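**Q** My questions all concern the structure below.
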Amino acid sequence: MQKLPILKPGDSVDIIAPASRCSDKQLTELKKLLESWQLNCLVADDIFGEDVFCANTDEIRFRQLANALQNPKTKAIICARGGYGSMRLIPELTKIAPPKINKIFVGMSDITALQIYLQQQWQWPTIHGASAPDRFSAESIAALKSILFGDSKEVKFTELSPLNKYAKENKVIEGHVTGGNLSLVQAGIGTAWQLDGRNKIILLEDTSERGYRIDRMLQHLQQANIFKEAAAILFGDFIEGKEPDGVCLIESALNRFADSSKIPVVRVKGIGHGYTNFPLPLGISAKLQLGSKVTLTCAR
């Protein structure tokens, strides 16, 4: 796995929309934010077009993705939004070779499909996070900037919660963090970007999924042996998934899964689709300290 590059003022970055579109206002605000960090933003004139589900047609979105990946003048790729459509681009992505120098690739949610592919096939580390200033807290955005510009040598999460007896054992697990959005990790089964969870710390988070659907997705991944040789499971935030009567059964689904698991399962707050959404480097060295005080430390 290659190292995560570091940005500096004056560098150029690509903003792309490989899945759904955001509003014109949100795109403008994203560009203003990155420019306030003294970055030069490249945005295709046809970033948005006509498509029934996505920001533009598959052909145009893939062209923009490929151009961004292969552009020698930019050092990072920022995905404007998740939504739906990233997995539709992967069949064409398998036909191109990775450039000699890797880039920073930032996204989350539906972008999980591209992130898993880049990590496993190109050995690129990526960042699970987003920079939409109207959707996420200033603290979350500042944390992303810190990672992008290499202000600290590591990213640390403290006060994680152990969810089963294996997570309460006093031990350290070392390995890469991978994964992302639960729905997308499930969608990758049987594809060119199926998650390879062997010896990995697998991050899972989601939004707008009711408890039984989360239980079903976790069971599917379990029965498909995605967790078979994993080192640990890291649950992020699961939000907006109440039942029709207003009751939320998400915690019950997560705890039932943890109780039946034979590997450590821990919970971390502030990674996912919530207003607080801290960035997490994927595909680089990480240490998960288990026991009475659970912490996750990732090199950047």
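**Q** Somewhere in segment 81-103, is a residue over 17 Å from Gln186 (Cα atoms), under 15 Å from the mean Cα position of the chain (by Cα) and basic (Lys, Arg)?
**A** Within segment 81-103 (the criterion being over 17 Å from Gln186 (Cα atoms), under 15 Å from the mean Cα position of the chain (by Cα) and basic (Lys, Arg)), the answer is yes, since at least one residue qualifies.
**Q** Since Ala44 meets every condition but one in (1) touching a helix residue (DSSP H, G or I) at 6+ places or on another chain (Cβ under 6 Å); (2) among the aliphatic types (A, V, I, L, M); (3) exposed (fewer than 13 other Cβ atoms within 10 Å of the Cβ), which condition does it not meet?
**A** Evaluating Ala44 over (1) touching a helix residue (DSSP H, G or I) at 6+ places or on another chain (Cβ under 6 Å); (2) among the aliphatic types (A, V, I, L, M); (3) exposed (fewer than 13 other Cβ atoms within 10 Å of the Cβ) leaves (3) as the failure.
**Q** Checking Gln121 against (1) modelled with pLDDT of 95 or more; (2) outside any helix (DSSP H, G or I), only one condition comes out false. Which one?
**A** Gln121 satisfies every listed condition except (2).
**Q** Can Ala130 be described as touching a residue at least 12 places away in the same chain (Cβ under 8 Å), closer than 25 Å to Lys269 by Cα, of a type in the set (Gly, Ala, Ser) and in a helix (DSSP H, G or I)?
**A** Criteria not met by Ala130.
**Q** Given the options Leu218, Leu203, Leu144, Leu184, name the one that is aliphatic (A, V, I, L, M), at negative phi and in contact with a strand residue (DSSP E or B) (Cβ under 6 Å, 6 or more places away or on another chain).
**A** That would be Leu203, the only listed residue that is aliphatic (A, V, I, L, M), at negative phi and in contact with a strand residue (DSSP E or B) (Cβ under 6 Å, 6 or more places away or on another chain).
**Q** Is there a residue being surrounded by 13 or more Cβ atoms within 10 Å (Cβ to Cβ) and either in contact with a His (Cβ under 7 Å, 6 or more places away or on another chain) or under 14 Å from Ala76 (Cβ atoms) (or both) anywhere in segment 149-172?
**A** Checked segment 149-172: at least one residue is surrounded by 13 or more Cβ atoms within 10 Å (Cβ to Cβ) and either in contact with a His (Cβ under 7 Å, 6 or more places away or on another chain) or under 14 Å from Ala76 (Cβ atoms) (or both).
**Q** If you don't mind, there's one more thing I want to ask. Output yes when any residue across segment 19-30 is modelled with pLDDT of 95 or more, crowded, with 19+ Cβ neighbours inside 10 Å, in contact with an Asp or Glu (Cβ under 6 Å, 6 or more places away or on another chain) and in a loop (DSSP other than H, G, I, E, B), and no when none is.
**A** Taking every residue of segment 19-30 in turn, at least one turns out to be modelled with pLDDT of 95 or more, crowded, with 19+ Cβ neighbours inside 10 Å, in contact with an Asp or Glu (Cβ under 6 Å, 6 or more places away or on another chain) and in a loop (DSSP other than H, G, I, E, B).
The values are calculated or read from the model by the stated rules, or taken from the named source; none is laboratory data. Because the structure is predicted, anything quoted here is derived from the model rather than measured. Here Cβ is always computed from backbone atoms with ideal geometry, including for glycine, and neighbour counts include all displayed protein chains.
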